Amino acid sequence: MTTLILGGAGRSGSRIIDRLVTAGLPVRSASRRTGFDWDDRSTWEVSLRGASAAYVCFTPDLAFPGVPEKMKALGELAAKEGLERLVLLSGRGEEGARMSEEALRKGGVPTTVLRCSWFQQNFSEHFLTGPVRRGHLRLPAPDVPEAFVDLEDVADAAVVALTRTPPEDATYELSGPELLTFAQAAAILGNACGRPVTFEAVDVATFVDDLAADDVPTAEAEPLAYLFTDILDGRNASLADGVEQLLGRPPTSLASYARRTADSGVWS
Ligand SMILES: NC(=O)c1ccc[n+]([C@@H]2O[C@H](COP(=O)([O-])OP(=O)(O)OC[C@H]3O[C@@H](n4cnc5c(N)ncnc54)[C@H](OP(=O)(O)O)[C@@H]3O)[C@@H](O)[C@H]2O)c1
């Protein structure tokens, strides 16, 4: 009854592993450091073998060309290896990701899809950590609100989806509890840090240059620029009830995340 966490070394996967280990459930992590590589299908079978369920976190982005083919192959292999459920991390409002979701389901294994808003942890564990520390967010973000979701809520939701009986073939949209522009988010982060965090709208080229200066690898910069240029057009400017549905409680606010995170010292 082992649960396999594809992308287990990452931000969402490691949180899910912690929760399953704490619950005393058998779990196995897979990523390149354990020999599993999305770009080398010969590594997949041995990774899936013996698992009864899998959390699927694809890097860099489900919406990219060629990924539906990989998801189809993974779904079919999961069925062949006898997995009883899959939980897929996806993004809200991403048409390309819809194709990957459908392709994974083609293998016939019951699949719960978690379509998430922007992670709040982008400000503390990813490309926006440096800008928040410096007190200045420079982003190609229009004045469009986003419902930033806490990765702790996403991990809690994924654990429910991975463990409840019977497995569910369903799709949930997960967001935070409020819609905020990046300027409003910056003000909330500044409040938690006890010093101003300002927001400045810049073009994509400037943003990509800033990412390079912050040592964000090119492979990660491309999906990030895509998120800003393709997704932030208002399509996700609505609240979703997936956290409430799966956890029976409201999602965590950005202010609550920001206070907790400031206390951890990551922005000091
Ligand atoms: N950031 C957001 O706001 C947001 C919002 C909604 C959805 N998403 C989706 O969330 C996913 C990222 O989730 P995350 O932040 O939890 O993951 P992550 O921290 O970016 O990475 C997960 C792990 O994937 C592994 N990995 C990278 N390339 C790999 C490869 N070629 N083969 C196998 N493993 C590989 C890495 O470990 P190794 O180095 O050991 O391989 C990495 O630690 C993406 O699909 C993204 O679209 C993100």
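Considering every residue within region 48-63, establish whether at least one is within 20 Å of the chain's Cα centre (by Cα), part of a helix (DSSP H, G or I), crowded, with 19+ Cβ neighbours inside 10 Å and modelled with pLDDT of 95 or more. No, every residue in region 48-63 fails to be within 20 Å of the chain's Cα centre (by Cα), part of a helix (DSSP H, G or I), crowded, with 19+ Cβ neighbours inside 10 Å and modelled with pLDDT of 95 or more. Looking at region 164-268, the helices (runs of 4 or more DSSP H) lying wholly inside it that each contain 2 or more residues that are at pLDDT below 95 sit at 204-213, 218-226.
Only residues that are aliphatic (A, V, I, L, M) and part of a helix (DSSP H, G or I): list them for region 3-18, please.
So in region 3-18, the residues aliphatic (A, V, I, L, M) come out as 4-6, 9, 16-17.
Ile16, Ile17 - these are the residues of region 3-18 that are aliphatic (A, V, I, L, M) and part of a helix (DSSP H, G or I).
If the condition is being within 16 Å of the ligand (Cβ to nearest atom) and of a type in the set (Gly, Ala, Ser), then region 36-74 contributes Ser42, Ser47, Ala51, Ala54, Ala63, Gly66, Ala73.
The criterion of being within 11 Å of the ligand (Cβ to nearest atom) and not polar (S, T, N, Q) does not hold for Lys80. Within region 215-243, the residues that satisfy the criterion of being closer than 15 Å to Thr181 by Cβ and away from the ligand (no atom under 14 Å from the Cβ) are Asp233, Gly234, Ala237, Ser238, Leu239.
Listed here are the residues, each with its yes/no results for (1) within 27 Å of Ala63 (Cα to Cα); (2) open to solvent by 60 Å² or more (accessible area, probe 1.4 Å); (3) over 20 Å from the mean Cα position of the chain (by Cα).
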site	(1), (2), (3)
Ala170	yes, no, no
Ala186	no, no, yes
Cys193	no, no, yes
Ala221	yes, no, no
Asp233	yes, yes, no
Glu244	yes, yes, no
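It is to be established whether one or more residues within region 21-33 are assigned to a helix (DSSP H, G or I) and more than 7 Å from the ligand (Cβ to nearest atom). Yes; the residues of region 21-33 include at least one that is assigned to a helix (DSSP H, G or I) and more than 7 Å from the ligand (Cβ to nearest atom). Which numbered condition trips up Gly93, out of (1) within 8 Å of the ligand (Cβ to nearest atom); (2) in a loop (DSSP other than H, G, I, E, B)? If we test Gly93 against (1) within 8 Å of the ligand (Cβ to nearest atom); (2) in a loop (DSSP other than H, G, I, E, B), just (1) comes out false. Name every residue in region 96-121 that is open to solvent by 10 Å² or more (accessible area, probe 1.4 Å), more than 19 Å from Leu246 (Cβ to Cβ) and either of a type in the set (S, T, N, Q) or within 12 Å of the ligand (Cβ to nearest atom) (or both), in order of residue number. If the condition is that a residue be open to solvent by 10 Å² or more (accessible area, probe 1.4 Å), more than 19 Å from Leu246 (Cβ to Cβ) and either of a type in the set (S, T, N, Q) or within 12 Å of the ligand (Cβ to nearest atom) (or both), then Gly96 is the only one that fits.
The single condition from (1) open to solvent by 40 Å² or more (accessible area, probe 1.4 Å); (2) among the polar types (S, T, N, Q); (3) within 16 Å of the ligand (Cβ to nearest atom) that Ser264 fails is (3).
Listed by first and then second residue, the pairs with beta-carbon distance under 7 Å, at least 6 apart or on different chains, first residue in region 83-99 and touching a residue at least 12 places away in the same chain (Cβ under 8 Å), second part of a helix (DSSP H, G or I) and within 7 Å of the ligand (Cβ to nearest atom), are Leu89/Ser12.
The values are calculated or read from the model by the stated rules, or taken from the named source; none is laboratory data. Keep in mind the model is a prediction, meaning the values are calculated, not measured. FYI the Cβ positions are ideal-geometry reconstructions off the backbone, even for glycines, and counts take in every protein chain you see. Accessible surface is based on the protein model in full, side chains and every heavy atom, while ligands, DNA and RNA are left aside. Shrake-Rupley method; radii C 1.70, N 1.55, O 1.52, S 1.80 Å.
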